[in-house]
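First the structure, in the form of structure tokens, and then the observations on it.
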Amino acid sequence: MELSIDSIRIFVADLERAIPFYSETLGLPLIDSDIETGYAVLDAGGITIILELDDEGDSEEETLVGVFTGVSFAVNDIYAAHKELVEKGVFFDEPPQSQPWGGTLGHFSDPDRNVLTLVQYPEPE
């Protein structure tokens, strides 16, 4: 059996606000959406990101919104990507930081405070 990642779900509180952030600000092509049923599908380079409305959580302990998603977007120049996103109003908790393993990471938030990551991998030796 061969497994591959097909899609990643990110839960949001306001789908009408989230769609422009992911499609316009981040530049991910919108494949499909339905505000009434509460989802949007975007192309993230061969993997789909599914934005899903989370209206089930009644408390902070139950919500799936406003969390560290574990979703990383690879870029060739993290400092240029960071600058471009900051100019578009994207919030980063701090500038990109070099990592002990040789890469560089920068964490940013979507409009629902879901934390996403930019990653620049080290050049192969």
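The values are calculated or read from the model by the stated rules, or taken from the named source; none is laboratory data. Just so you know, these numbers come straight off a predicted model, no measurement behind them. Ideal geometry is used to build each Cβ from the backbone, glycine not excepted, and the neighbour counts take in all protein chains shown.
Across the stretch 94-125, what is the total count of residues that are in contact (Cβ under 8 Å) with a residue 40 or more places away in the chain and of a type in the set (D, E)?
To start, the set of residues in the stretch 94-125 that are in contact (Cβ under 8 Å) with a residue 40 or more places away in the chain comprises 110-121.
Among the residues that remain, those that are also of a type in the set (D, E) are: 110, 112.
Of the residues in that region, 2 qualify.
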Any hit, the stretch 32-41, residues being assigned to a strand (DSSP E or B), more than 12 Å from I10 (Cα to Cα) and within 12 Å of the chain's Cα centre (by Cα): no
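If I filter the stretch 43-68 down to residues being surrounded by 15 or more Cβ atoms within 10 Å (Cβ to Cβ) and modelled with pLDDT under 95, which single residue comes out as farthest from S23 (Cα to Cα)? Give the derivation first.
The initial filter retains those residues of the stretch 43-68 that are surrounded by 15 or more Cβ atoms within 10 Å (Cβ to Cβ), namely 44, 48-54, 63-66.
Of the ones still in play, those that are also modelled with pLDDT under 95 are 53-54, 63-66.
Numbers: L53: 16, D54: 19, T63: 24, L64: 21, V65: 19, G66: 19 Å.
Applying the filter and picking the extreme gives T63.
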Test: residue in the stretch 11-19 that is crowded, with 17+ Cβ neighbours inside 10 Å, at pLDDT 95 or above, in contact with a helix residue (DSSP H, G or I) (Cβ under 8 Å, 6 or more places away or on another chain) and under 16 Å from D110 (Cβ atoms): yes
Contacts under 8 angstrom Cβ, first residue in the stretch 6-31 being in contact (Cβ under 8 Å) with a residue 40 or more places away in the chain and under 12 Å from L116 (Cβ atoms), partner of a type in the set (G, A, S) and part of a loop (DSSP other than H, G, I, E, B), 6 or more apart: I8/A44; T25/G89
